[in-house]
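Heads up, the thing below is written out as structure tokens.
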Amino acid sequence: SSLESALARSAKYQISRLSLAQLLTFGQMEDPQLRMNQSCQFIQNEGVIRLAHMIKEMRTLPDDFLDEQHIRRVYNWYLESFRDLHEAEHVTPASSPQAGYVFTDRVRSILHRHSSTVLTFAMGFRNLKKQRKLRNCEHYVTSYLDRFLMSRIGIRFLFNQHMTLVEPPGQAQLEDDNRGSRWVGSIDRACDVCHIAYDAASNAKLLCETTHINTPDFEIVTPGDQRPILSYVPSHLYHILFELLKNSFRAVGEHHKDASSVPPVKVVIVKGDNDLTIKVSDEGGGIPFADVPRLFSYFYTTAETPDLDSWEEGMPDMNNAPLAGFGYGLPVSRLYARYFGGDLKVISVQGYGTDAFVFLHSVAENAHEVLPSYRPAELEYRRNQTDWMAHQQRA
Ligand code: W6P
């Protein structure tokens, strides 16, 4: 069919891996009409390529995986979204400002369509596991999910960036003097890591207090009088730190069940020449060395997996509560850390406690999207975003 040939054509192109610096340059384009046009063009071009890669990649799954109802549903969402965006090729003319808003509505509805992908996928893989179809392939499925969920983070980030860049500024934004200089879409050029750590720790503490009596305090420590800042996506950083702190609070609370005082969780934040490093240390008794890799498996969780089989429609986003207990928290947090070239490592000392490290690039030029890519045998050359911007500016 024509959709199949469009898919095949799009999947031949390599995806463009952007850096934070490129995203900042692009987002700071002064003329709003020009920014709207270029962003629509880019999202249309790049969106169909990234979606085509995901569809191709899903087609490499074994037949009985793709036949599972939840996984089939996610697969169909991707087909629909590819078609929507492919057909939008002609909804992005540079002439009419109206076309840009029509296109952006389409992007918004695609984001909305896929909001429960992670939960639906998790339910699908849980079913396959129950049917004993994952035996001997948990490693394959874990690396598959790493690739799939990382691609999803990238597409959603770009789509969301488009929406925030072309949105007419609201009153609050107009009144915020910092807005123009600090924020570029969802990127904060002066992302205050201590502030985010404080929010994440406070909220994780509140959450833990509803389940554990002995929730520890936390300390945020920076060397000297540093207030480390970097260009980053605050929502990604919050997601990572909230997850780590939740784990630490729970470990300490359970390890010191009956103690009258519990050792605080310590968050050390340091900016070096090229990195910004965050260390979250707990004295929660640690876990055996051999169990550390399991923390990043999608199939190992200590919590009770919720029964959501009857909860089908209108499910919330992956950041929300129903995913708790699926064991996706740490692996997905590591994907967020890796998305712009960073990483997340856990070192545990059984009998004492656990240190979790988050490494981020502190220089935006070095922070490139790290994206898996479906690799067809032949790749065609396609102007990437930087070439393309230079071309537009000359034209
Ligand atoms: C633990 C286990 C764990 C995982 C991730 C982060 C912190 C901790 N603490 O005991």
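The values are calculated or read from the model by the stated rules, or taken from the named source; none is laboratory data. What you see is a predicted model, and the numbers here were worked out from it, not measured in a lab. Every residue, glycine among them, receives a Cβ derived from its backbone with ideal geometry; neighbour counts consider all protein chains shown. Ligands, DNA and RNA are stripped out before the accessible areas are found, and what is left, the full protein with its side chains, is counted by its heavy atoms. Shrake-Rupley method; radii C 1.70, N 1.55, O 1.52, S 1.80 Å.
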Specify the residue that is nearest to residue 365 (Cα to Cα); the eligible residues are those in the range 261-284 that are under 21 Å from the mean Cα position of the chain (by Cα) and not charged (D, E, K, R). 276
Can you spot a residue in the range 98-119 that is over 16 Å from residue 38 (Cα atoms) and of a type in the set (Phe, Trp, Tyr)? no
Could you say whether any residue in the range 209-224 is assigned to a helix (DSSP H, G or I) and not acidic (Asp, Glu)? no
Using the structure shown, decide if residue 291 is surrounded by fewer than 22 Cβ atoms within 10 Å (Cβ to Cβ), within 14 Å of the ligand (Cβ to nearest atom), closer than 22 Å to residue 349 by Cβ and among the acidic types (Asp, Glu). yes
Out of the range 207-236, which residues are within 24 Å of the chain's Cα centre (by Cα) and of a type outside the set (S, T, N, Q)? 207, 208, 228, 229, 230, 232, 233, 234, 236
Filter the range 244-260 down to the residues that are within 15 Å of the ligand (Cβ to nearest atom), surrounded by fewer than 22 Cβ atoms within 10 Å (Cβ to Cβ) and more than 24 Å from the chain's Cα centre (by Cα) and list them by number. 251, 253, 254, 255, 256, 257
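Mind checking whether some residue in the range 97-108 is open to solvent by 40 Å² or more (accessible area, probe 1.4 Å) and under 19 Å from the mean Cα position of the chain (by Cα)? So that I can check it myself, show each step before the final result.
To start, the set of residues in the range 97-108 that are open to solvent by 40 Å² or more (accessible area, probe 1.4 Å) comprises 97-98, 101-102, 105-106, 108.
Checking the rest, the ones that are also under 19 Å from the mean Cα position of the chain (by Cα) come to 108.
Yes, there is a match, as at least one residue in the range 97-108 is open to solvent by 40 Å² or more (accessible area, probe 1.4 Å) and under 19 Å from the mean Cα position of the chain (by Cα).
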Based on what the data block shows, is residue 363 more than 17 Å from residue 238 (Cα to Cα), within 14 Å of the ligand (Cβ to nearest atom) and either open to solvent by 70 Å² or more (accessible area, probe 1.4 Å) or touching a residue at least 40 places away in the same chain (Cβ under 8 Å) (or both)? no
The range 111-132, residues that are free of Cβ contacts under 8 Å to residues at least 60 places away in the same chain and either more than 19 Å from residue 76 (Cα to Cα) or under 22 Å from the mean Cα position of the chain (by Cα) (or both): 111, 112, 113, 114, 121, 124, 130, 131, 132
Going through the range 261-287 in order, the residues found to be open to solvent by 20 Å² or more (accessible area, probe 1.4 Å), of a type outside the set (Lys, Arg) and away from the ligand (no atom under 11 Å from the Cβ) are 261, 262, 263, 264, 268, 270, 272, 273, 274, 275, 277
So which of 375, 334, 383 ends up being among the basic types (Lys, Arg), under 27 Å from residue 54 (Cβ atoms) and at pLDDT 95 or above? 334
Would you check which residues across the range 205-234 are hydroxyl-bearing (Ser, Thr, Tyr) and in contact with a helix residue (DSSP H, G or I) (Cβ under 9 Å, 6 or more places away or on another chain) and list them? 211, 215, 222, 231, 232
Output for the range 183-209, where each listed residue is loosely packed, with under 15 Cβ neighbours inside 10 Å, without any contact (Cβ under 8 Å) to a residue 24 or more places away in the chain and more than 11 Å from residue 220 (Cβ to Cβ): 206, 209
Enumerated helices (runs of 4 or more DSSP H) restricted to the range 1-120, each holding at least 3 residues that are within 30 Å of residue 328 (Cα to Cα) and either of a type in the set (Lys, Arg) or in contact with a Phe, Trp or Tyr (Cβ under 7 Å, 6 or more places away or on another chain) (or both): 32-58, 69-87, 97-113
Name the residue that is farthest from residue 339 (Cα to Cα), counting only residues in the range 203-243 that are touching a Leu at 6+ places or on another chain (Cβ under 8 Å) and within 14 Å of the ligand (Cβ to nearest atom). 218
Residue 126 - would you say it is open to solvent by 10 Å² or more (accessible area, probe 1.4 Å), assigned to a helix (DSSP H, G or I), closer than 30 Å to residue 40 by Cα and basic (Lys, Arg)? no
Across the range 23-44, what is the number of residues that are more than 16 Å from residue 181 (Cα to Cα) and either basic (Lys, Arg) or within 21 Å of the chain's Cα centre (by Cα) (or both)? 5
